[in-house]
Amino acid sequence: MRAAYYTGDKGFSIEAATAVPPGADSVRIAVAYCGICGTDMHVFHGAMDARVGTHRVIGHEMSGTVAEIGAEVTGLKVGDPVVVRPLAHCGICPACVRGHTHICHNLKFLGLDTDGAFQHSWTVPAHTVHKIPADLPLKHAALVEPVAVACHDVRRSRLAAGEDVLVIGGGPIGMLIAMVAKRDGANVTVSEVSEHRLGLARAFGFTTLNPKDADVAKSVYEATGGKGADVVFEVSGSQAGIDTMTEAAAGRGRIVMVAIHGSRPQVDLFKFFWRELELLGARVYEAADYDRAIELVASGAIDCEAMITNVSGLDQIRQAFEALDGDAQAMKSLIQCS
């Protein structure tokens, strides 16, 4: 067995590793594919060394098959194709007691706070494992985790069929949010500065706007008869995106904050008062979001092939991160771990 350890300073070391036998309530998974996400890129840049250290297996957007199960595990058997919802909650904090385990006060994210999936074999708590249909390609199943993020974001927005949606930022998560929102009957516009990504968005059937060429808020108002967007998803992580979200929202519109901003942005709170706007936070996902994501991926509602930019072997993980770094055209890069 081998594993790719992040070693700091944009480095990885491919090392021999020992498969961790599952405890009574754990499952060992033979990892097939694992995607590189934005958080992994932050680790690669050294921004999370204080949290992950410099000898950790990262990665969490994975798919695989059950290799071994603990004595107390039910509902799973060796050979089952699965994905992992990589959240370990404490069960006793106020958030957990209220049933909001995904925002547990002591939440551990598998692949950041513990070793993750960029390895041949990964042992995880059984409660994090979701079975997937046997005919779902494991390459496509590796997209379930980011699709679950999109499902949670859209669910938080209380989106209704026929509403006008603006997605600010057409990266992987923004594009998946747009797909889920369209599936739920929304009229979707994607705002993005990359012409390549705009072309992809148009191929998916979305209206597109480039803030370099157009006043996004003005264009949205014109397209909606002066109303504005009923729901705005801020996925860009930029001050420009923050400015646009309040300008483009309809009266009593809902704004979902998806992006993680590295510094405190300036927000026009007067707009919230004047137009009775709502700002909703959306963090990771819940079990129901995973179930829906599996359904959407398995049904073909998510164009997984179009979303996957490339697949690299575990030995090429550093090159894959380097290629993805700063690539405004890439969507989802996968590492084949098997």
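The values are calculated or read from the model by the stated rules, or taken from the named source; none is laboratory data. Model, not experiment: these values are computed from the prediction. All Cβ positions, glycine included, derive from the backbone under ideal geometry; neighbour counts span all protein chains shown.
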Do the conditions hold for Ile36, that is, is it of a type outside the set (Gly, Ala, Ser), surrounded by fewer than 18 Cβ atoms within 10 Å (Cβ to Cβ) and closer than 29 Å to Ala282 by Cα? no
Just to be sure, is Val43 surrounded by 16 or more Cβ atoms within 10 Å (Cβ to Cβ), within 26 Å of Pro21 (Cβ to Cβ) and out of contact with any Cys (no Cβ under 8 Å at 6 or more places or on another chain)? no
Look at segment 207-223 and say how many of its residues are hydroxyl-bearing (Ser, Thr, Tyr) and assigned to a helix (DSSP H, G or I). 2
Looking at segment 204-221, I want the residues that are assigned by TED's automatic domain parsing to the domain that holds Ala181 and closer than 14 Å to Asp164 by Cβ and have a partner that is of a type in the set (Ser, Thr, Tyr) and assigned to a helix (DSSP H, G or I) with Cβ atoms under 7 Å, at least 6 apart or on another chain. Which pairs are those? Leu209/Ser219; Val216/Thr244; Ala217/Thr244
Considering only segment 224-338, give the helices (runs of 4 or more DSSP H) lying wholly within it that have at least 3 residues that are exposed (fewer than 13 other Cβ atoms within 10 Å of the Cβ) and either at pLDDT 95 or above or over 15 Å from the mean Cα position of the chain (by Cα) (or both). 269-275
Take the residues of segment 53-102 that are in a loop (DSSP other than H, G, I, E, B) and among the hydroxyl-bearing types (Ser, Thr, Tyr): which is farthest from Ile29 (Cα to Cα)? Thr54
Taking the condition within 30 Å of Gln336 (Cβ to Cβ) and within 20 Å of the chain's Cα centre (by Cα), does Val165 pass? no
What's the number of the only condition in (1) part of a loop (DSSP other than H, G, I, E, B); (2) in contact with a Leu (Cβ under 9 Å, 6 or more places away or on another chain); (3) crowded, with 21+ Cβ neighbours inside 10 Å that Ala4 fails to meet? (1)
Given (1) buried (at least 18 other Cβ atoms within 10 Å of the Cβ); (2) within 22 Å of Val20 (Cα to Cα); (3) among the basic types (Lys, Arg), Arg156 misses just (2)
